[in-house]
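Note sheet for the following structure.
The values are calculated or read from the model by the stated rules, or taken from the named source; none is laboratory data. Since this is a predicted model, take the numbers as computed values, not measurements. Glycine also receives a Cβ, built like all others from the backbone with ideal geometry; neighbour counts cover every protein chain displayed. Heavy atoms of the whole protein, side chains included, go into the accessibility calculation; ligands, DNA and RNA do not. Shrake-Rupley method; radii C 1.70, N 1.55, O 1.52, S 1.80 Å.
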Amino acid sequence: MVPHPPTTYRDLAESAWRWVQAQVREGEDGLWLPEHPGQEARPDYPFGMHSGVGGLAHTLGDLRLVRPLTPAERGLADGIAETLRRRVPTETEYDYFDGLVSTLGILIALDAPGADAVVARLVELATPDGWQPSF
């Protein structure tokens, strides 16, 4: 039972967003997002925009368009950016959902520094035939 039922769609959305934020975990590699509530072990793809904590960056970017971020949301945005920036120098995946291209989109959505380093890493990984998939 909801202690205080929402009275508007916005109240409902804000309540759902608070629940999502409460799911974020922190480990030695930074912030990560479980695939389902109550999950204790870090999933295979915890950082990217598809099923990881990076996907929350796009919500944060949209929220900034309609209202100021709360201190908790600003901390989440900073934590996501820091988590992903630390991964850039050793990241070898480049795909849109969980690799460097995902990281690039996340940093841009957060208006966070580090996009130049991501592009440099992508250039470093490029071969004469482009980027060869690892899967």
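Assess whether GLN132 counts as being assigned to a loop (DSSP other than H, G, I, E, B), open to solvent by less than 60 Å² (accessible area, probe 1.4 Å) and without any contact (Cβ under 8 Å) to a residue 24 or more places away in the chain. Break it down into steps so the answer makes sense when it comes.
Details: assigned to a loop (DSSP other than H, G, I, E, B): yes; open to solvent by less than 60 Å² (accessible area, probe 1.4 Å): no; without any contact (Cβ under 8 Å) to a residue 24 or more places away in the chain: yes.
Criteria not met by GLN132.
Is it the case that some residue within region 65-76 is at pLDDT below 95 and at positive phi?
no
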